[in-house]
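Down below is the structure, laid out as structure tokens.
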Amino acid sequence: MGLTLCETILYVLIFFFGAGIFFFLNIIIYRVSRKFSFVTEIFGGIQALLSALWFEKYEVAVTVFAFLCVLYVVTLMDISTMEIEDGCHIAILIIALISLFTMPETGFVARLIGAFCISVPLLLITVLVPGSFGGGDIKLMAACGLFLGWKLALVSAFLAFLLGSAYGIYLLAAKKADRKTRFAFGPFLCVGMEIGLLWGQKLIQ
């Protein structure tokens, strides 16, 4: 169920992304061929694209909603299978690319740092302590960091580790697990990123 929903979201995003690219290129070709300024027409084309897709007024809400939908799918998938399919990571990457235009207040450099500031430490920990984190968790943080930027990525990771640690302590205290027991960490990452996205700036302040 979760995998099917994720694939559906991915196909819808790919369709609109591809349609948007062709629409955008047609605008550029038409206007530049009439000797308009190339740079001016690029930004004009982007604005026309967003208007045509009904994103001009609701672009942030649509982008955030799509991101939260994929996180919801990831949560269900990881709980049931303890794996995160690559299709979900690709869907988040596409949303992150779209958000470069719909949410430009998060700069590209901040997004690039966000893609590595959590995923690389998770990878290093996994190399040093095999089995600490799954590859799906690492790729999830890389893709989501590109969407969130480094500040919200750090807030999200902090919340995820806080919630995950609390759950681990609960399992140990209730004697439902021991120190070698593994549980899905993806849902905690998703919850942390949802809180970070919606209220991260207030938490930072």
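The values are calculated or read from the model by the stated rules, or taken from the named source; none is laboratory data. Owing to the predicted nature of the structure, the values given are computational and were not obtained by experimental measurement. Methodologically, a virtual Cβ is constructed for each residue, glycine included, from the backbone with ideal geometry; neighbour enumeration extends over all protein chains shown. Surface areas here come from the heavy atoms of the whole protein model, side chains and all, with no ligands, DNA or RNA. Shrake-Rupley method; radii C 1.70, N 1.55, O 1.52, S 1.80 Å.
Values computed for the structure shown
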item	result
Residues satisfying the stated conditions in segment 156-205, i.e. open to solvent by 70 Å² or more (accessible area, probe 1.4 Å), polar (S, T, N, Q) and not in a helix (DSSP H, G or I)	205
Residues of segment 66-86 satisfying the condition of being within 14 Å of the chain's Cα centre (by Cα) and not acidic (Asp, Glu)	66, 67, 68, 69, 70, 71, 72, 73, 74, 75, 84
Cβ-Cβ under 9 Å pairs, at least 6 apart or on other chains, segment 176-205 side in contact (Cβ under 8 Å) with a residue 12 or more places away in the chain and under 22 Å from residue 143 (Cα atoms), far side of a type in the set (Phe, Trp, Tyr) and not in a helix (DSSP H, G or I)	185/133
